[in-house]
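See structure below.
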Amino acid sequence: METILLNKDAYLSFASGDGACLGCSEKSVVHIFTATVESLMQPRIEKHLAYLDELIAKLEKLVQQKLISTLDVSDTDTLTRIVQESYTSDLKVSDLAHKLDREKETSPVDQDWLMDITRILAKLKNLKWKYTQGTTGKGRSSMGMCNSTGCTSVWGSTYPFNPYPFPWTNHLFQDSTSIAMGIFEGHMSKMADGFKAIRKAELVINGQYQPATHDPIFTYFTWEQFTDEEWLLCPPVVALGGDGAMYDIGFQNLSRMMASGKPIKVVVVDTQVYSNTGGQACTSGFIGQVSDMAQYGKVWKGKSEPRKEIGLIAMAHRNTFVLQSTLANTSQMIEGFIDGLMAKRPAIFNIYTTCQPEHGVADDLGVHQAKLAMESRAYPIFQYNPAKGHKIEECLDLSGNPAMDLLWPTYKLKYTEFGMEKTMEVAMTFADFALTEARFRKHFRKVPRDAWNDNMMVLSEFIELPDAEREGIFPYIWTVDKKQNLVRVLVAAPIVDSCEDRKNFWFMLKELAGLDKVETSTVDIEDKVRKEVVGKIAQGLMQLAGGNGSAILELATQEVTSLPVTAASGASTSNAEYMAPG
C-alpha cells in the first residue's frame, strides 16, 4: 500500500475527481485500483521497450550483413586498386559497391527478403513510437475504461477535469460490460499486430522464419494464442460501475460478459444503494436497511429481502476470478487486484464502499465502517480463483477475515461503573455494525437501566434459540453512552433477520471453502472408535454366549452406541465393564 501511494508515477495516474463527496470510499477504491494497474504496467513496459530496441538493432545489423555479403571482397588486388584510385577523395560504401560491380558482376540483392525485413523494422519502430509517444504524446495508456453512468462517472468527469488519464468512455447505465466486450476485441487485434511483428522478427533473427509455415499462423493469430508474457503487456479493459449497473439493471450484461470468457476486468463499487440518484434501495442492500423505495412504516420495516451475493453468482460462472474486499484490508484487496489483472480470464472486483450521505456516517469514517462491516460478517472478504483447481474449496480463499473459527469475532467493550473502568468481551454481530449507521437507526431502542429485566437476552445468544423458544424474549446488544456508561439497546426483528442472514452466509462460505472439515473429521474418528469398541465387545460376548451370540451382539451394539466416546484409549475397558453384568 505504501509503495503504491508513495510512488508518484503510479499514484498520480489518477487525479482530480473533486466532484466526489467528502470521504467518498468509491474514489479511494478507484484511486488504489488505477495505481495498482500503473505499478504493474510501468516496469513491464520499460522492460519491453528495452527488448524492442534490442530487436531493432539486431534486425538492422542483419540487413547490413546481408547487403555487405553481396559484395565480392575476395579479389584483394581489385580492392587495393579501387582504394588507391579514390585516395584523394572520400570513398563511400555505395561507391565501393558500384566500382566492384563494374569490375566484376556481384550477386543481386534478394528484394523480397529486403522488403519483408524493411516492413518488420518499420512495424517495430512504429510500435516503439506508440509506447513512447503515440497520438497523445504520452505513449500507450496502461488501461482503458468503460464507465457506467453513476457516481463514478459524475464525480469522475466533473468539468474541466477528467481524473482518468487513459481512454475512457461513458454510455448507458447498464452497458459498460457490453461496450467493454467490443472494445476488448478491437484492442486485442491491435495488440496482436504488435506481437506478430515481434514474433516474426525473432524468427528472422534466428534464421527460422518459413513463410509457408508461419504466415498462416500469423493470419489467424488472436489474443487466445498470446503467451503469458505477451498477455501481461496488454493494457486491461476495465468496466466500472455501482450496484445498479452491475447488480440490477446491468446484471444480464455482466453475466453475458463473464460467460463469454473474455478477460475483461470489472470493478463494482458496492454502496448497497443507488447513490447517484438519491439512495434508492437495490438488491445489494441488507435486510432492514431504510432507504428510498424501502421506507420504514407500520407495514414495511425497510428492505425485506436478503442481499444478493454477486460474488457467489460470479463463482457460478466457473470461469471468473472473483474478489470481494473492503478498504479495511488493503493488502488482501491489492493482492486480489493483482491476481485478477494477471489472470487471462474475466475478473470481478466487488468492493464495499461506504456512501457517507446514504449510510448516515461521518465523512472521515469510510475505512472505519468498512472495518466494522468486515468484522461483523456483514461483508466477508474472499478470493475465488478458478485456476487453483476444480473444486470450490481449492479455489475459494477466506484469508483476511477475522476469527474465522468463530461465528462472530469478539472485541473488548470498555465502560465505566461506579467510577471504575471495566471491560466486557462482546460478540461483533451485524447488529453492532448496523447500530453505527443512520440507515438502520429505526430498528434500535435504548433501554433505561431501571427497565432491564430477565426477559432480555444478548442478541448473539438469542439467535441460537429455536423459534419456539423466542416468545417473550427481547434481544439486545451492549454499547456505551457519551459518559461511557453501559447501555442495553433492543434490536428489532428485521435486524435479527439480517443477523441470521449474515450468519448463514458465513456458514455457507466456510463450507464452500472446506473450513468445516475439522469438525467432520472429529465425528468420523468418534464413529470409527465406537465401531471398534462394539466389534471387540461383541466378539468376547459371542464366545461366552455360544448359541445366543447373535442376540447378544444386537444388544451390545444398541447399548454401546448409546454411550459417548471420549477417547480411543481406555474406551474398550470402560465399555466392557459396563456390559459385563449383562
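Of everything in the stretch 75-97 that's surrounded by 10 or more Cβ atoms within 10 Å (Cβ to Cβ) and part of a loop (DSSP other than H, G, I, E, B), which residue is modelled with the lowest pLDDT? Result: Asp75. Within the stretch 5-37, the set of residues being of a type in the set (D, E, K, R) and either surrounded by 20 or more Cβ atoms within 10 Å (Cβ to Cβ) or assigned to a loop (DSSP other than H, G, I, E, B) (or both) comprises Asp18, Glu26, Lys27. In the stretch 130-152, the residue that is nearest to Glu60 (Cα to Cα) out of those that are modelled with pLDDT of 90 or more, touching a strand residue (DSSP E or B) at 6+ places or on another chain (Cβ under 9 Å) and not in a loop (DSSP other than H, G, I, E, B) is Gly144. Scanning the stretch 173-182 turns up at least one residue that is free of Cβ contacts under 8 Å to residues at least 12 places away in the same chain and of a type outside the set (Lys, Arg).
Buried (at least 17 other Cβ atoms within 10 Å of the Cβ), in contact with a Phe, Trp or Tyr (Cβ under 7 Å, 6 or more places away or on another chain) and among the acidic types (Asp, Glu): does that describe Glu335? Reasoning before the result, please.
Values: buried (at least 17 other Cβ atoms within 10 Å of the Cβ): yes; in contact with a Phe, Trp or Tyr (Cβ under 7 Å, 6 or more places away or on another chain): no; among the acidic types (Asp, Glu): yes.
So Glu335 fails the test.
Residue count for the stretch 211-241, restricted to those that are over 27 Å from His31 (Cα atoms), out of contact with any helix residue (DSSP H, G or I) (no Cβ under 8 Å at 6 or more places or on another chain) and of a type outside the set (Ser, Thr, Tyr): 7. Filtering the stretch 100-129 to residues that are modelled with pLDDT under 75, within 30 Å of Ala57 (Cβ to Cβ) and not aliphatic (A, V, I, L, M) leaves Asp101, Thr106, Ser107, Pro108. In the stretch 231-282, the residue that is surrounded by the most Cβ atoms within 10 Å (Cβ to Cβ) out of those that are more than 30 Å from Gln42 (Cβ to Cβ) and hydrophobic (A, V, I, L, M, F, W, C) is Val273.
Mind checking whether some residue in the stretch 153-174 is assigned to a helix (DSSP H, G or I) and under 29 Å from Pro43 (Cβ atoms)? Among the residues of the stretch 153-174, not one is assigned to a helix (DSSP H, G or I) and under 29 Å from Pro43 (Cβ atoms), which makes the answer no.
Residue by residue through the stretch 482-506, note down the ones that are closer than 30 Å to Ser399 by Cβ and either of a type in the set (Ser, Thr, Tyr) or without any contact (Cβ under 8 Å) to a residue 12 or more places away in the chain (or both). Let's see the steps before the verdict.
Narrowing the stretch 482-506 to residues closer than 30 Å to Ser399 by Cβ: 495-506.
Of everything in the stretch 482-506, those that are closer than 30 Å to Ser399 by Cβ and either of a type in the set (Ser, Thr, Tyr) or without any contact (Cβ under 8 Å) to a residue 12 or more places away in the chain (or both) turn out to be Ser498, Asn504.
Contact map, the stretch 326-348: first residue touching a residue at least 24 places away in the same chain (Cβ under 8 Å), second residue of a type in the set (Lys, Arg) and crowded, with 17+ Cβ neighbours inside 10 Å, Cβ cut-off under 6 Å, separation 6 or more or different chains; pairs are Ala328/Lys371; Ala347/Lys265.
The values are calculated or read from the model by the stated rules, or taken from the named source; none is laboratory data. Note that the structure is predicted; figures quoted are calculated from it, not measured. As a convention, Cβ positions derive from the backbone with ideal geometry for all residues, glycine included, and neighbour counts pool all protein chains shown.
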